[in-house]
Structures are given as structure tokens and as C-alpha cells.
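Let me begin by presenting the structure, written as C-alpha cells, before commenting on it.
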Amino acid sequence: MLNDLLLLGLVAFVLTLVLTPASMYLAKMVGAIDYPGGRRVHLRPIPRLGGIAMYVSFVTAVLLLMPHPLTTQTMGLITGSTILLVVGVYDDIKGVSPKAKFLGQLAAALVLLLFRYHIDSLTVPVLGPINLGAGGAVLVLFWVVSLVNTVNIADGLDGLAAGISFGASLVMAWSAIRIGQAPEAYLLAGLAGVCLGFLLFNFHPAKVFMGDSGSMFLGFVMAATSVSGLLKTPVLLGLVLPMLALGMPIFDLTFTVIRRKWRGQPITVADRGHLHHRLLDRGFTHRQAVLAMYALSAVLGGAAVFAGLNDWQWAAFLTVLVGIVLFTVLLGKRHVQVSRRSSGK
């Protein structure tokens, strides 16, 4: 099985290396260019249709190399991610309203329900199994839309979303292997290969951005695989593990919603209060900020592994440690030093 996983990941990696330059050319042809200005911290125009290369590479590798017949749920994942790709590409070229983007995310999540992505019950420590009933469908919708936006919000610096998603995919694939969820393991191996291949073009200074078409695709695949496999595990391990693996952007998204609500602002109004903005304002260079966030994500990935091994004390310790660092950065005084910023998204 391990050799098959590595092969699928390798093919996805190579396809992404080949197709990303083509997506850059396409972006220039259709005018999908991210120009400097506003909240953006890059200093030159950069094409932003990398999500097309990521999607095509992933789907091609999965269709060619999944060792077992495609399951109904795998076809649901591909169908839902296709919907998000269309919404994301249109947004990257023309731009869509937050409401329209949300409706697209909801439609993709509803597709999963149609393809038998159900959570009937969860087993909670002490309380035992809890029957969710119709609430299971609501949980699926909330979970998918939340993770899609979590990765989308992390796509704020060169290589950030791709790097974090690469690490999270590896941790989740490891967990899927341990609990015997082979289809999910293969999907996550393919996603890891795509992220690593794209990262070679996207790390600072980026030559291409994944755009909403890419970031929403990454979040959707991780959300769908966790629902189809990991969320069916005993206890809440399937829920806790992806939350820890993506803990940093989840924390950032949660803090953003609370901050904007506290100030009476709509949650869809962009600002410069995200974690990566705070690091830049504290004098970090672009690359230093990304590497610092990689490090925090790696620690949370370690916490996820400890949780997967039922070593909850170490998992809690590492999570609290990262939480303290994040609160310090997000609540601390900002020292804007524009001169130290480098080009990048």
C-alpha cells in the first residue's frame, strides 16, 4: 500500500510541475492577474490561476492510480471540487460577491450529502455515542464550508496555504492509514503531491498564486476526506485531528470573525488583522513570516500525531503552547515597518 501511495503522490507532484506553467500562461491570456495594492503585500503583477493545475493534476492522478474501483464518495469529492473550481476560476478572473462564493461552497457541500457523506453519530469520551440525526447533515455542511474558508483565508503570503496544506495532508493521510481508511489515504497522498509541486512555484518570491480556485479546492478535499473517513472513527479523533493539523488558520479565522463582530463590521470585509499581517507589521520579512507559520503548523501537526496515538497530554501541551504564541502575536502591539516587507501576496 505504501508504494502505491508514494506513486500516486509522485505522479500528482510531477503533473503539477508540468501543468502549473500552463496555468500561468492561461492566466495571462484571460487576465487573471493579481496586481499590487490595498492589503496585498506583493510588488509586481502575478498570475493567479494555479488552482486549475492543482485540480487537474489531482483528479488525473486519482483516476489513473487509485488501486481500487472509485467509490461513490470519491466521485462525490471530485464532483463537489469541480463545482468549487468553476466558482473559484470565475472569481479569479471576474470576481464574485462573498454571498455568491458562499452559495458555491454550500452547493459543493450539498453534493457530498447526495453522495452519501453522512455522520450519523459521534462517540464522545465519558458521554459515549451521540446520535446526531438530521444534525449530522448540518455538521457536514458546517464542517466543509468552514474548512474551505479556513484554507482560503490562509492564502495570504507566498507558499503559506500550499505549505500548511501539505503538512496537514500528510498528517491526515497517516491517520487514515492507521485506521484502515485506504481511499482517503490515497486521496490525501495525491493532495500532498499537488501541494508540494505547486509550492516550488509559489514559495517566496512566488511566480504564481493558486487563487480562490486553488485554496477552496484544497480545503474542500481535506474536509471531504475527513468526513468520509476520519470523522467515522471512535471518539472525536477524526474531528480533532484535522482541526489540529489546520489549527493555525482555524485559529486565525475564528479570531477574525470575533474581531470583526466585536467592531460591528461584516465578517466578509477584508482587513489587515490576520496573523500573517501581524507578523509583517512586527518587522518579519515575507519569508520569515511564512517560515514562522510553518513552524507553528508543524508543532500543531505534532499535536495531531500525539492525539492519533491517544497521548492527549502531549497533544494538549503543544496545542496550548501554540495558542499562547498566537494570542501574543494577535493581541500584541503592532509595529509597522513597511521597509522590511518583500514582494509577495
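Computed values, structure above
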| quantity | calculated |
| --- | --- |
| Unmet criterion (only one of (1) within 19 Å of the chain's Cα centre (by Cα); (2) more than 22 Å from A316 (Cα to Cα); (3) at pLDDT below 90) for P249 | (2) |
| Single residue of region 172-181 satisfying the filter (of a type in the set (A, V, I, L, M) and more than 17 Å from the chain's Cα centre (by Cα)) that is surrounded by the fewest Cβ atoms within 10 Å (Cβ to Cβ) | I179 |
| Residues located in region 178-210, provided they are without any contact (Cβ under 8 Å) to a residue 60 or more places away in the chain and among the polar types (S, T, N, Q) | Q181 |
| Scan of region 55-67 for residues that are crowded, with 18+ Cβ neighbours inside 10 Å and touching a residue at least 60 places away in the same chain (Cβ under 8 Å), ordered by number | Y55, S57, F58, A61, V62, L65, M66 |
| Filtered residues of region 97-106 (kept if part of a helix (DSSP H, G or I) and either surrounded by fewer than 17 Cβ atoms within 10 Å (Cβ to Cβ) or in contact with a Gly (Cβ under 7 Å, 6 or more places away or on another chain) (or both)) | P98, K99, A100, F102, L103, L106 |
| Top-ranked residue in region 68-96 [being assigned to a loop (DSSP other than H, G, I, E, B) and of a type outside the set (D, E, K, R); ranked as surrounded by the fewest Cβ atoms within 10 Å (Cβ to Cβ)] | P69 |
| Criterion violated by S169 - all others in (1) surrounded by 24 or more Cβ atoms within 10 Å (Cβ to Cβ); (2) in contact with a strand residue (DSSP E or B) (Cβ under 8 Å, 6 or more places away or on another chain) satisfied | (2) |
| Residue that is surrounded by the fewest Cβ atoms within 10 Å (Cβ to Cβ), among those in region 124-145 that are in contact (Cβ under 8 Å) with a residue 40 or more places away in the chain and within 24 Å of V305 (Cα to Cα) | P125 |
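The values are calculated or read from the model by the stated rules, or taken from the named source; none is laboratory data. Everything numeric here is computed off the predicted structure, so don't read it as measured data. When we count neighbours, we look across all protein chains shown, and the Cβ atoms used for this are built from the backbone with ideal geometry, even at glycine.
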